[in-house]
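Okay, so here's the structure we're looking at.
The values are calculated or read from the model by the stated rules, or taken from the named source; none is laboratory data. From a predicted model like this one, the values you see are computed outputs, not experimental measurements. In this analysis, Cβ positions are derived from the backbone assuming ideal geometry, glycine residues included, and neighbour counts consider all displayed protein chains. SASA here: full protein model, heavy atoms, side chains in, ligands and nucleic acids out. Shrake-Rupley method; radii C 1.70, N 1.55, O 1.52, S 1.80 Å.
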Amino acid sequence: MTESFTGSFTQQEPIPEDGIEAALAVLRHGRLHRYNTVAGEVAETALLEQEFADAMGAQYALAVASGGYAMSTALRALGVKPGDRVLSNAFTLAPVPGAIASVGAVPVFVEVTQDLTIDLDDLAAKAGQAGVLLLSHMRGHICDMDRLMAICDAAGVQVVEDCAHTMGAAWRGTMSGRHGVMGCYSTQTYKHLNSGEGGFLVSDDPQAMARAIILSGSYMMYARHRAAPPPEAFAQIRFDTPNISGRMDNLRAAILRPQLRNLSSQCAAWNARYRAVETGLRGMTGLTLIERPEAEQFVASSFQFLLLDWQGDAVRDVVARCAARGVELKWFGAPDPVAFTSKYDSWRYANPAPMPKSDRILAGILDMRLPLTFSIADCEQIARIIRAEVLAVYQGQADK
Ligand SMILES: *Cc1c(COP(=O)(O)O)cnc(C)c1O
């Protein structure tokens with residue numbers, strides 16, 4: 001009998017009990033708005049920001065309504081204007097070019113390599129075209145950050161990091177989000193912390209962070225933040241910066257604080273699952289694994305592999321056969337985008353030029369989530385199923 005997997009690829013863990021308790025306390029006192037406090041009270045949101053800044057090793061942190069909001073706020077805080085060009089990845093998630101478009105700027109896509117990271121040669125060639133790079137560490141893959149920063153510094157390009165998939169990860173000992181001038185994170189359900197919706201910005205730049213805080217809708221209550229620049233940094237900025245409401249609230253903050261305390265053990269649990277799948281798929285002809293560089297202290301909450309240069313029909317066949325056995329693979333290369341879009345040519349409003357190098361990689365990427373509700377044994381079973389079905393389709397192709 002062939003085995004099938006019965007777990008759900010979209011089922012995250014429950015909110016920890018201490019998070020539920022903290023949320024109930026907020027619901028019982030009713031002060032959900034972050035600036036609604038009684039004398040002597042420090043809001044959950046302000047405490048969360050302080051703890052997040054500490055966890056990331058940043059001077060300043062701001063909690064906001066979503067990861068997408070964090071990115072558009074970062075671009076605004078750095079002075080990106082309508083019509084400006086902003087560099088970004090050809091392979092990322094729709095809210096990344098969306099953040100660029102939301103400020104009236106124009107995305108300039110940079111090719112993706114076989115390691116699923118931004119192509120640094122292409123970045124070097126295009127660096128002169130823009131003042132800002134919105135760098136997405138898509139699916140948790142981190143490029144050579146030393147070389148990336150050298151290219152951007154030499155070209156005068158400011159780097160904003162999209163760390164939606166790298167919260168808790170690092171490159172050569174420096175945490176993801178701490179290489180560029182600002183780092184952005186998401187706490188949407190499928191990311192490393194879960195508050196349904198939510199996000200963070202971190203920075204050491206007092207001017208940029210003061211602008212971000214006013215932009216987020218602080219009114220003149222920024223002094224109630226605990227991970228904010230000193231009041232002097234706001235002296236002029238508070239008059240020159242619009243309020244574009246996107247605050248975090250105390251209910252979400254209460255849910256997030258206990259999760260943040262567990263972040264490193266959660267990251268270790270993801271990586272153990274990732275390695276179990278990777279081990280199960282090693283040494284197959286036709287299937288390319290993504291090798292992780294030594295300098296990358298990754299956090300893998302999802303798994304990718306490539307069926308490079310396979311016919312579309314054969315890839316579709318693998319996806320269908322795995323699905324029939326309970327393993328949900330997402331094919332980013334499908335010509336017509338389904339569910340979450342991740343490919344530059346799905347964003348036609350940006351009028352992207354064709355990118356044949358990236359097309360070859362994107363046509364071969366298969367992806368799946370690894371929620372922590374899966375056991376190691378589940379991950380081993382998933383790998384066995386993928387292995388068998390890839391092999392079956394591969395041999396069928398060879399026999400044709
Ligand atoms: C989820 C995600 C975002 C945006 O996060 P939201 O909180 O959903 O707005 C940004 N970048 C990537 C790569 C993501 O996966």
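By how many nm would the segment from ASP336 to THR285 lengthen if fully extended, with 0.36 nm per residue of separation less the alpha-carbon distance? All intermediate terms of the calculation are to be shown ahead of the outcome.
Numbers: separation 51, 0.36 × 51 = 18.36 nm, distance 2.77 nm.
Gain in length upon complete extension: 15.6 nm.
Taking Cα pairs under 8 Å and at least six residues apart, what relative contact order does the chain come out at, in percent? Before the final figure, lay out the partial values.
On the way: 799 pairs, mean separation 89.1, N = 400.
Relative contact order, the chain: 22 percent.
For the stretch 169-227, run through the trypsin sites (Lys or Arg not before Pro) and keep only the ones in DSSP coil with at most 14 other Cβ atoms within 10 Å of their Cβ.
Numbers: sites: ARG172, ARG178, LYS191, ARG211, ARG224, ARG226; in loops: ARG172, ARG178, LYS191, ARG226.
Qualifying residues, ordered by number: ARG172.
For HIS29, what accessible surface area do you get with a 1.4 Å probe? Give it in Å², rounded to 10.
HIS29 exposes around 70 Å² with every protein chain in place.
Using the Kirkwood radius over C-alpha pairs as Rh, can you work out the diffusion coefficient of the stretch 229-304 via Stokes-Einstein at 25 °C, viscosity 0.890 mPa s, in µm² per second?
Values: Rh = 17.1 Å.
Value of D from the Cα-based Kirkwood radius: 143 µm²/s.
In the full protein assembly as shown, how much of VAL42 is accessible to a 1.4 Å probe, in Å² to the nearest 10?
50
If R0 is 30 Å, what FRET efficiency do you get for ASN351 and LEU372 from their C-beta distance, rounded to 0.05?
Details: r = 40 Å, r/R0 = 1.33.
My answer for the efficiency is 0.15.
Using label points projected 7 Å from each Cα along Cα→Cβ, tell me how many nm separate ALA323 and ARG261, to one decimal.
Taking the simple label geometry, ALA323 and ARG261 are separated by 4.2 nm.
Could you pull out every one of the lysines with an alpha carbon less than 18 Å from that of LYS330, ignoring same-chain neighbours closer than 8 positions?
LYS191, LYS343
Rounded to whole Hz and in sequence order, give me ³J(HN,Hα) for the stretch 131-146 from the Karplus expression 6.51 cos²θ - 1.76 cosθ + 1.60, θ = phi - 60°, writing x for Gly and Pro.
After applying 6.51 cos²θ - 1.76 cosθ + 1.60, I find x, 9, 10, 9, 8, 9, 7, 4, 6, x, 8, 9, 6, 5, 5, 5 Hz.
Note down the nm distance, to one decimal, between modelled labels 7 Å out along Cα→Cβ at ALA272 and at SER8.
About 2.3 nm, to one decimal.
I need the phi-derived Karplus couplings for the stretch 378-394: 6.51 cos²θ - 1.76 cosθ + 1.60, θ = phi - 60°, integer Hz, Gly and Pro marked x.
Per-residue couplings from phi come out as 4, 5, 5, 5, 4, 5, 4, 5, 4, 4, 5, 6, 5, 4, 4, 5, 4 Hz.
Note down the Stokes-Einstein diffusion coefficient of the stretch 1-140 in µm²/s, whole number, using a Kirkwood radius over alpha carbon pairs, 37 °C, and 0.692 mPa s.
Values: Rh = 18.7 Å.
After rounding, the answer is 176 µm²/s.
Over the chain, one equal point on each Cα, no solvent: what is log10 I(q)/I(0) by the Debye formula at q = 0.06, 0.09, 0.10 Å⁻¹?
Debye curve over Cα of the chain, log10 I(q)/I(0) at q = 0.06, 0.09, 0.10 Å⁻¹: -0.24, -0.55, -0.67.
Once you mark the GluC sites (Glu not before Pro) that are in a DSSP loop and have at most 16 other Cβ atoms within 10 Å, what is the longest gap between them in the chain? Could you put the intermediate results ahead of the total?
On the way: sites that count: GLU3, GLU41, GLU291, GLU294, GLU328.
Formally, the longest exposed-site-free interval is 42-290.
Helix-only estimate, please: 222 nm mean residue ellipticity of the chain, summing -39500 (n - 2.57) across DSSP H runs of length 4 or more and dividing by its residues, to the nearest 500. Write down the numbers at each step before the final one.
Values: 13 runs with 152 residues, N = 400.
For the chain, the value works out to -11500 deg cm²/dmol.
Would you grab the residues whose amide H sits under 5 Å from the one on ASN89? Only those 5+ places off in sequence or on another chain, please, with H modelled 1.01 Å from N.
VAL110, SER136
Of the chymotrypsin sites (Phe, Trp or Tyr not before Pro) in the stretch 329-400, which ones lie in a loop per DSSP and count no more than 16 other C-beta atoms within 10 Å? Write out the running numbers ahead of the final one.
Numbers: sites: TRP331, PHE332, PHE340, TYR344, TRP347, TYR349, PHE374, TYR394; in loops: PHE332, PHE340, TRP347, PHE374.
Here the sparse-neighbourhood loop sites are PHE340.
Could you tell me what fraction of 2.2 N^0.38 Å the Cα radius of gyration of the stretch 104-211 comes to, as a two-decimal ratio?
Values: Rg = 13.8 Å, N = 108, 2.2 N^0.38 = 13.0 Å.
Dividing the Cα radius of gyration by 2.2 N^0.38 Å gives 1.06.
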